[in-house]
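What follows draws every value from the coordinates through simple rules; no lab data is involved. Values in this document were obtained by computation on a predicted structure and should not be read as measured data. Here Cβ is always computed from backbone atoms with ideal geometry, including for glycine, and neighbour counts include all displayed protein chains.
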Amino acid sequence: MKERLIRNLDLKILAIVFAVILWLIVVNIDDPVKSDTFSGIEVQILNAEELEKQGLCYEVLDGTDIVNVKITARRSVIEEISKENITATADMKDLTQMNTISIKVTSNKSASDLDTIKLSSESVKLEVEPLKKISRRIIVETDGEPAEGYVLGNRSMDLNQVEISGPESVVSKIDTVKAVIDVDEATSNVSASVPIYLYDKDGERIESSRLKMNITNLNINQDVLFSKKVELVYEFKGTPAKGYAATGSIVANCESVVLCGRKTALENLNTLYIRGDELSLDGVDANKTVKLDLEDYIPSNLDFTDKSFDTNVTVTAIIRKEDTEEMTRTKDSVRFNGLPSDKNAELLEDGRYVTGNVIKLDLYGLEENLAQINIANVTISVDFSTYMKEKNLTELGNGYYHITPTISGLPEGVHIDDEVKLRVRITNR
């Protein structure tokens with residue numbers, strides 16, 4: 001048996017070697033070893049927060065966080081691998097004094113069947129500098145103008161500050177932070193989420209992927225209000241002192257205002273009447289000047305369009321001494337109104353207003369009003385029904401009465417002395 005095994009041993013060994021070589025040839029012809037390069041693999045930076053803990057931040061230089069990976073393996077293995085199976089990482093804990101981090105690459109598929117795996121670059125190069133954090137107020141600006149007849153009102157935002165962090169060299173350049181909302185031709189309130197922009201002291205925009213902000217967009221609500229010019233009318237009331245009259249002339253340093261608000265509240269408002277106890281003329285014998293704050297008189301749902309408008313105004317009512325003009329009429333021109341049918345009335349001479357058959361009454365008023373008197377239109381009457389009502393009388397007995405006459409047909413602002421009383425005798429018919 002042994003002889004049989006060792007017989008032709010050289011030939012047997014040669015046959016085995018030949019078979020192995022033949023197998024290798026067949027394998028290499030059918031499934032050869034090959035290399036393939038996978039381009040644009042992004043290197044993941046691990047433990048980047050380690051730098052921030054030290055008050056530092058980084059920037060990748062020269063695009064060294066993008067590498068090409070060359071893999072050598074059998075064709076059957078290579079064909080099963082795609083770019084998505086390859087992971088390249090650089091751990092910040094391995095940062096060198098030269099600010100580089102070695103790159104490690106792995107495949108999550110057929111890793112044990114890979115012959116070699118090579119990188120186009122062995123490390124990520126970084127620029128490391130101090131980390132700076134700041135807080136800035138957001139300045140909101142508008143782009144464009146509302147439609148004609150409309151103005152901007154109040155504005156609200158969800159935040160008014162932004163937190164910014166990044167390299168000290170970049171953050172130190174930040175001077176202002178702005179957000180712009182478009183209101184061009186707006187006729188109603190505008191709400192929008194708008195981007196936040198950073199600017200240096202020269203007004204140039206700062207754009208850097210190295211900066212981090214707690215918000216990148218700002219939610220803004222901008223009121224757009226209807227605006228309109230409204231005339232002011234100052235209404236003085238009351239009766240000046242005896243012998244004086246209001247001319248009706250008002251001198252004011254503000255005769256109109258421009259108001260804004262909802263269109264429904266303002267579109268039908270053309271005149272704003274200024275009224276109040278402070279505009280009383282009772283008992284005055286000279287011009288009356290008052291100082292008013294218009295804020296106290298405009299409706300609560302309206303506001304002044306010009307926020308810098310001085311709402312304090314000075315208003316003067318012109319008061320003048322009355323002139324006098326004597327009016328003469330005959331006794332028989334006096335009318336008796338409301339006289340009971342069973343009574344007679346006779347106007348008696350009193351030596352003051354009635355002399356003989358003549359009545360003389362002084363009329364008081366401003367010169368320009370007295371000039372408008374047309375005696376032919378003026379009537380003097382004694383109204384008994386009014387007198388009885390004032391005196392709470394149920395009947396008019398015979399006797400003598402002193403009754404204030406009623407003068408009709410006088411121009412506005414012309415009157416007799418309220419102390420004038422005519423002497424009348426009542427008798428039975």
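Here are some notes:
- Sparse-neighbour loop sites [chymotrypsin sites (Phe, Trp or Tyr not before Pro); the stretch 349-429; at most 10 other C-beta within 10 Å; DSSP]: none
- Segment SER341-THR355, length gained on full extension (0.36 nm per residue, minus Cα span): 2.3 nm
- Reachable aspartates and glutamates from LYS125, criterion Cα separation under 18 angstrom, eight or more residues apart if same chain: GLU42, GLU49, GLU50, GLU52, GLU59, ASP62, ASP65, ASP91, ASP94
- Take the Cα of THR216, step 7 Å toward its Cβ, do the same at SER169, and the gap between the two points is 2.4 nm.
- At R0 = 25 Å, FRET efficiency that the Cβ-Cβ distance of SER82 and ALA48 yields, to 0.05: 0.40
- With only Cα atoms counted, the stretch 33-121 has Rg and Dmax values of 15.0, 49 Å.
- Sites matching trypsin sites (Lys or Arg not before Pro) across the stretch 175-245 that sit in DSSP coil, with at most 13 neighbouring C-beta atoms within 10 Å: LYS201, LYS242
- Efficiency of FRET between GLU390 and VAL420 - r from beta-carbon atoms, R0 22 angstrom, step 0.05: 0.90
- Percent of beta bridges antiparallel (DSSP, the chain, rounded to nearest 5): 85
- Helix 9-30 and the long axis of the chain differ in direction by around 20°, with both axes built from C-alpha atoms.
- Across LYS93/LYS201; LYS291/LYS321; LYS83/LYS132; LYS237/LYS321, pairs whose alpha-carbon gap is larger than 28 Å: LYS93/LYS201; LYS83/LYS132
- Summing +1 for each Lys or Arg and -1 for each Asp or Glu among the other residues whose beta-carbon sits under 11 angstrom from that of THR404 gives -4.
- Modelled spin-label separation between SER120 and ASN108, with each label point placed 7 Å from Cα along the Cα-to-Cβ direction: 2.3 nm.
- Seen from THR176, the other residues with C-beta closer than 10 Å to its C-beta sum to a net charge of +2, counting Lys and Arg as +1 and Asp and Glu as -1.
- Of all lysines in the structure, those lying under 19 Å Cα to Cα from LYS389, and not within fewer than 8 positions of it along the same chain, are LYS343, LYS421.
- For the chain, the Kirkwood hydrodynamic radius comes to 34.0 Å, computed from all pairs of different C-alpha atoms.
- Using θ = phi - 60° and Karplus 6.51 cos²θ - 1.76 cosθ + 1.60, couplings along the stretch 62-74 (whole Hz; Gly, Pro as x): 6, x, 6, 8, 10, 10, 9, 10, 9, 10, 10, 5, 5
- Over all other residues within a Cβ to Cβ distance under 15 Å of ASP362, the charged ones net out to -3, with Lys and Arg as +1 and Asp and Glu as -1.
- J(HN,Hα) series, the stretch 119-126, from Karplus relation 6.51 cos²θ - 1.76 cosθ + 1.60, nearest Hz, glycine and proline x: 10, 6, 9, 8, 8, 9, 9, 10
- A convex hull fitted around the alpha carbon atoms of the stretch 228-319 yields 85 Å³ per residue.
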